[in-house]
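For reference, the structure discussed in these notes is given below.
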Amino acid sequence: MNKKTTSKIPKKVWLLISLAVALVLWTLLSINPKTARSFPNIVKVIKAISTMINRGVFWEDISSSLISVTAGFAIGFILSLPTAILMAWYLPVRNIIEPWIQFIRNIPPLAYVPLIVLSAGVGRKPQIIVITIATFLIMTVTIYQGVLNVDETLIKAARVLGATDKDIFLKVIAPATLPFIITAIRLGSSTALTTLIAAESTGAVAGLGMRIRSLNNSFESEPMLLYIIIIGIIGMLVEKFVKYIERRFTGWQEKRDA
Amino acid sequence: MAGEERRVKVKIDNVKKIFNGRNGEMIALNGVSLDIMENEFICVVGPSGCGKSTLLNIIAGLLEPTSGKIYCDGKEVVGTGTERGVVFQQYALFPWMTVLKNVMFGLNLKGIKGKEAEEIAMKYIKMVQLEDFVNHYPKELSGGMKQRVAIARAYAVNPEVLLMDEPFGALDAQTRTQLQTELLETWEKERKTCFFITHDVEEAIILAQKVIIMSARPGRIKEIVDINIPYPRTQETKMTPEFLELKNHIWGQVYQEYLEVRK
C-alpha cells in the first residue's frame, strides 16, 4: 500500500486491524504446543471472567487494586509537587535530596517490600506505601526537571511588566511547568500499575497483582492471562485520560506530536 | 532638537559590571556614563561581547551594577519598574496565553482588569496591526508577528522608557525592515524615550537620533555619533549620501572593535 491509501484509513479502523492481528497472533500461540500453556485459547480466557466472578473475587480484585493504585498515586503526586519545586529553587535541598532519589529509583520495589511490611504490617497500608514511593520518585524527577527548564526570559519578561515573586510563581512557573506535570502524571500512573505486583505481595487479601501470584500457585493460566490483560486495559484507559487532559490544558505548546 | 525641552530621562552614572566566572573576573562594563534625554531615540552598536546587553539589563533593573548607579527621572533605579519597559530578542511571549492575554498581562498586574484592560490591550494590538489574531496563541504566529505582540505588550503598560535588546535580530531582512518602519512611525507619534540595542549599523542610523558605539573588553563608550537626518525617515533615506557617510564611519569604528576582540 502506498502512503495515500494508508492515510485514508481512519485511526479507529487501524485500531481494529491492530487488535485483529493481535488476536491472530494469540491464536497461533495458543495452537503451538510450545507456547500453548502460557497462551490459553481466547474463548477459555474470556470464560475465565465468569469463573472469577463465580468465585466472588473478580470485582473485589479490580476495585482493591484500583484503590491502592489511585491512593498511592495521589499521595505520591501531592508529595512530589512541593518536593520538586523546593529542589529546583533551593540548592541545599537539591544537593541533599537528589542523590537519595537517584539511589532509590533504581532499586526494584519488590526488593524493599519486606522491609515495609515489617514496619507497616500487612493490608492496605503497605500497598499504598509501595506505590507512593515508586510514583513519588519518578514524578519528583520529572517535575523538578520541568521547573528547572522554565525559560529564564519569560521570568524576566514578567518581572519587567511588574510581576512579584508570587506572580511569577503562579502565572509563569506554574503554567510553564504544566506540560512536565502532565508527563509526570503519565509516568506516575504507569509506574503505579507496574508496581502493582510488588505492592500486592505485602500479604494482600485481594487485588489483580495478588491474584496473579496466587493463580500461579494453582497453575491456572486462563484467569492469569485474563488478569494481565485487565491490567493492560486499565493502563490504556489511564493513558487515554491523560492524553485528554494534555490536549485540554497544554494545547498551546510549540512542540506537538502529529 | 530645537524647540524641544531636553530633560535627562535616564542617567547612567559610571556603571561598572564585573562577572565572576570560572576563568576569574570578567569586566563587562568599565565606567559607562551616559545621559538619555526625554523623548530621545538612542541606538547602541558594538561587537558581541561589548556589554551592550549587560548595560540594558542594568538599566532595566534585571542586573545590579558592581558599582555606579542608574537614575530614572532623578530617582535611583533599584530592581525592575514598569516605567522601564523591555522588548527582548527572543520575544519572550507566554506561550500559554493568547495574543490578547499576553498584552493584558502587565495591565492585570497593575490592577487594571476586565473590559478596561481589554480596551487598552486592543488599542496596542491595533497599533501593531494584529487585530485579526487576538485569540491566537504564539505558536500560531510568525517571528515578526510575535515581536509585534511583544512590542504591544511593552507599550500597553505605558512605560516612559522603552529598552529594546536586539528586538529584530532574529528576523529575516524583509520583516526587519517592515518592523523598523512601524517602530519609527510609532516613535514619531508617541515620542517615547527609546534605548535600542542592535548589531546592525544601518538599523541604528535609520532609527536613532544618537548612535552610541561601544568598544569591547572591557565594554565602554567609544564614540557618540549624532544622526542629524530629519524624520520622517524611510527606506529611501538609506540611499542618501549623508546616510552612507555615517554608515561608513560607524561601520569602520565597529569593525575596528571587532578586530580588537578577535586578537
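5 Å is the cut-off here: which amide hydrogens, built 1.01 Å from N in the peptide plane, fall below it relative to B:Ala28, excluding neighbours closer than 5 in sequence?
B:Lys17, B:Ile18, B:Phe19
If packing is taken as the average number of other Cβ atoms within 10 Å across a peptide's residues, how do A:139-152, A:78-91 rank, most packed first?
Result, highest mean first: A:139-152, A:78-91.
I'd like the mean, over residues of B:92-104, of how many other protein chain beta carbons sit within 10 Å of each residue's own Cβ.
Mean partner shielding for this stretch: 4.
Give the angle, between 0 and 90 degrees and rounded to the nearest 10, that separates the Cα long axis of helix B:114-127 from the longest principal axis of the Cα atoms of chain B.
50
What does the extension gain come out to for A:Thr153 and A:Ile46, with contour length at 0.36 nm per residue minus their alpha carbon separation? Before the final figure, lay out each step's value.
Working: separation 107, 0.36 × 107 = 38.52 nm, distance 5.67 nm.
Working it through step by step, the gained length comes to 32.9 nm.
What FRET efficiency do you get for B:Lys110 and A:Phe249 if R0 is 35 Å and r is their Cβ-Cβ distance, rounded to the nearest 0.05? Don't jump to the answer; show the numbers that get you there.
Working: r = 27 Å, r/R0 = 0.77.
The calculated FRET efficiency here is 0.80.
Could you tell me which of the pairs B:Lys146/B:Lys238; A:Lys243/B:Lys139; A:Lys44/A:Lys243; A:Lys11/B:Lys101 are separated by over 29 angstrom between their Cα atoms in the structure shown?
Those over the limit are A:Lys44/A:Lys243; A:Lys11/B:Lys101.
Calculate, in nm to one decimal, what B:Arg6 and B:Glu242 gain on full extension: separation in residues at 0.36 nm each, minus their alpha carbon distance. Walk me through the intermediate numbers first.
Details: separation 236, 0.36 × 236 = 84.96 nm, distance 2.52 nm.
Extra length from B:Arg6 to B:Glu242 when fully extended: 82.4 nm.
If you take the beta carbon distance between B:Lys189 and B:Asn14 as r and set R0 to 35 Å, what does 1/(1 + (r/R0)^6) give as a FRET efficiency, to the nearest 0.05?
That gives a FRET efficiency of 0.50.
Using the Karplus curve 6.51 cos²θ - 1.76 cosθ + 1.60 with θ = phi - 60°, what ³J(HN,Hα) values do you get for each residue of region A:54-67, in whole Hz, with x for Gly and Pro?
Result, rounded to whole Hz: 5, 6, x, 10, 3, 5, 5, 4, 4, 5, 4, 5, 4, 5.
Hey, got the average number of other protein chain Cβ atoms within 10 angstrom for residues in B:9-17?
Taking all residues of B:9-17 together, the mean is 0.
Can you tell me which of A:Phe103, A:Phe136, A:Phe180 moves the most in a GNM of chain A? Springs connect C-alpha atoms under 10 Å apart.
A:Phe103
So for the pair A:Ser7, A:Ala174, with labels modelled 7 Å out along Cα→Cβ, what separation do we get in nm?
Each label point lies 7 Å from its Cα, and together they span 4.1 nm.
Quick one: Cα centre-to-centre distance for region A:221-256 and region B:86-113, in angstrom?
One Cα centre to the other: 35 Å.
Report the label-to-label distance for A:Lys166 and B:Ser142 in nanometres (one decimal), using points 7 Å from each Cα along the Cα→Cβ vector.
4.3
Apply 1/(1 + (r/R0)^6) to the Cβ-Cβ distance of A:Ile229 and A:Ile31, taking R0 = 22 Å, and write down the FRET efficiency to the nearest 0.05. Each step should come with its number before you reach the end.
Numbers: r = 19 Å, r/R0 = 0.86.
Working from the Cβ atoms, E equals 0.70.
Counting trypsin sites (Lys or Arg not before Pro) as exposed when in a DSSP loop with at most 16 other beta carbons within 10 Å, what is the longest stretch of chain A free of them?
It works out to A:56-254.
Within 10 Å of each Cβ in A:148-159, how many Cβ atoms from other chains are there, averaged over the peptide?
5
Measuring from a point 7 Å past the Cα of A:Leu237 along Cα-to-C-beta, which residues in region A:39-53 have an amide N at less than 18 Å?
Residues A:46, A:49-50, A:52-53 qualify, since their backbone N sits under 18 Å from the label point.
Values in this text are rule-based calculations from the coordinates and carry no lab data. Bear in mind the structure is a predicted one, so any value in this text is a computation, not a measurement. When we count neighbours, we look across all protein chains shown, and the Cβ atoms used for this are built from the backbone with ideal geometry, even at glycine.
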